[in-house]
Amino acid sequence: MIRQFYLENEYGDIYYFNHKNQTIISEISGLGFSLDLKYLEYSQFYQRSDYNIPLSEITETLVFLKGYQGYKAFVDFISKGHKAFKLYYENDAFKAYCCVDIASLSKAELVASTIQSQIIFKKLSLWLKEKTYEIIANGSRSGKVYPYMYPYFYSSSYEGKAYIKNEGLDQAPLVIEILGNVNNPEVLIKKNQEVVSILRLYLSAENANITINAIPSQQEMTMDESGVITDIYGLQDFELDNFIFLDHGDYEVEFKPGVSSESICKIKVLEGYLGI
């Protein structure tokens with residue numbers, strides 16, 4: 001499979017840049033990275049002390065093979081979105097996306113029935129790769145059935161455990177979702193047999209859907225009970241991390257729902273990469 005780019009809006013609608021969609025990319029730049037580096041000097045030797053990743057741009061030249069009709073269809077697509085888009089890159093070995101705003105879209109003259117336009121994206125994140133793991137505690141799939149489909153890795157025990165990995169840069173945020181019955185649930189993150197982070201909530205619920213999202217621009221703690229969504233930020237143990245980030249490396253995750261009935265913990269690791 002050759003490399004492919006496509007754009008996704010907040011509603012999950014996708015616009016592919018390919019021949020099938022009659023919109024192709026002729027030029028692209030900005031897929032790499034630049035860093036603002038800071039150094040400390042030690043008698044003519046230098047050691048990096050810190051770095052920042054500045055806001056950057058991705059520029060593409062789009063060729064609309066259907067001319068104005070294709071250009072108008074793309075404008076209609078991007079006009080539907082009110083939040084940042086996800087720009088995806090995919091090939092045989094790698095799939096990632098970065099969050100982008102569309103800063104500008106030019107409109108050139110019609111040439112040989114096509115329109116060529118330059119689009120500029122403001123890059124709002126690293127290139128992100130999602131990995132999802134699932135832990136089943138106190139049961140198996142032959143028991144209670146939940147109205148969710150998760151084709152992911154499973155680990156089943158009285159206090160479920162799973163092994164996860166962050167292969168990207170440091171500080172990968174976790175999105176933790178807990179399904180089922182709980183009583184003061186905990187999620188423990190261990191590295192080399194030592195606990196390095198803990199999530200603990202002080203609540204009891206039946207058949208709930210709890211989400212703890214550590215992504216900095218989206219941080220939230222909510223509980224969905226039969227369609228009623230409640231903010232549970234105040235029900236956390238404020239002496240613990242709760243919004244959890246992982247450094248680069250391997251970890252063991254232990255899920256303690258606090259009940260003997262089956263509960264499920266789904267963990268999404270958002271790995272970050274500088275370039276693709």
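The values are calculated or read from the model by the stated rules, or taken from the named source; none is laboratory data. Please read all numbers here as calculations on a predicted model, not as lab measurements. Ideal geometry is used to build each Cβ from the backbone, glycine not excepted, and the neighbour counts take in all protein chains shown. We work out accessible area using only protein heavy atoms, side chains counted, and drop any ligands, DNA or RNA first. Shrake-Rupley method; radii C 1.70, N 1.55, O 1.52, S 1.80 Å.
Points to keep in mind about this one:
- Of residues in the stretch 59-87 being closer than 16 Å to E8 by Cβ and basic (K, R), the one farthest from the chain's Cα centre (by Cα): K80
- The stretch 7-52, subset acidic (D, E) and under 30 Å from A73 (Cα atoms), residue most open to solvent (accessible area, probe 1.4 Å): E27
- Conditions (1) in contact with a Pro (Cβ under 9 Å, 6 or more places away or on another chain); (2) open to solvent by 60 Å² or more (accessible area, probe 1.4 Å); number of the one not met by L55: (1)
- Within the stretch 108-119, considering residues that are closer than 10 Å to L62 by Cα and not hydroxyl-bearing (S, T, Y), the one surrounded by the most Cβ atoms within 10 Å (Cβ to Cβ): I115
- Entirely in the stretch 158-276, the strands (runs of 3 or more DSSP E) that have 1 or more residues that are among the small types (G, A, S), surrounded by 18 or more Cβ atoms within 10 Å (Cβ to Cβ) and under 19 Å from the mean Cα position of the chain (by Cα): 172-183, 263-273
- Residue pairs whose Cβ atoms lie under 6 Å apart, sitting 6 or more positions apart in sequence or on different chains, and linking a residue in the stretch 103-124 that is part of a loop (DSSP other than H, G, I, E, B) to a partner that is open to solvent by 90 Å² or more (accessible area, probe 1.4 Å), are A108/Q116.
- In the set (1) out of contact with any strand residue (DSSP E or B) (no Cβ under 9 Å at 6 or more places or on another chain); (2) part of a loop (DSSP other than H, G, I, E, B); (3) without any contact (Cβ under 8 Å) to a residue 24 or more places away in the chain; (4) within 21 Å of K122 (Cα to Cα), the condition left unmet by D76 is number (2).
- Taken over the stretch 233-276, the criterion of being acidic (D, E) and within 21 Å of G180 (Cβ to Cβ) is satisfied by D237, E254, E262.
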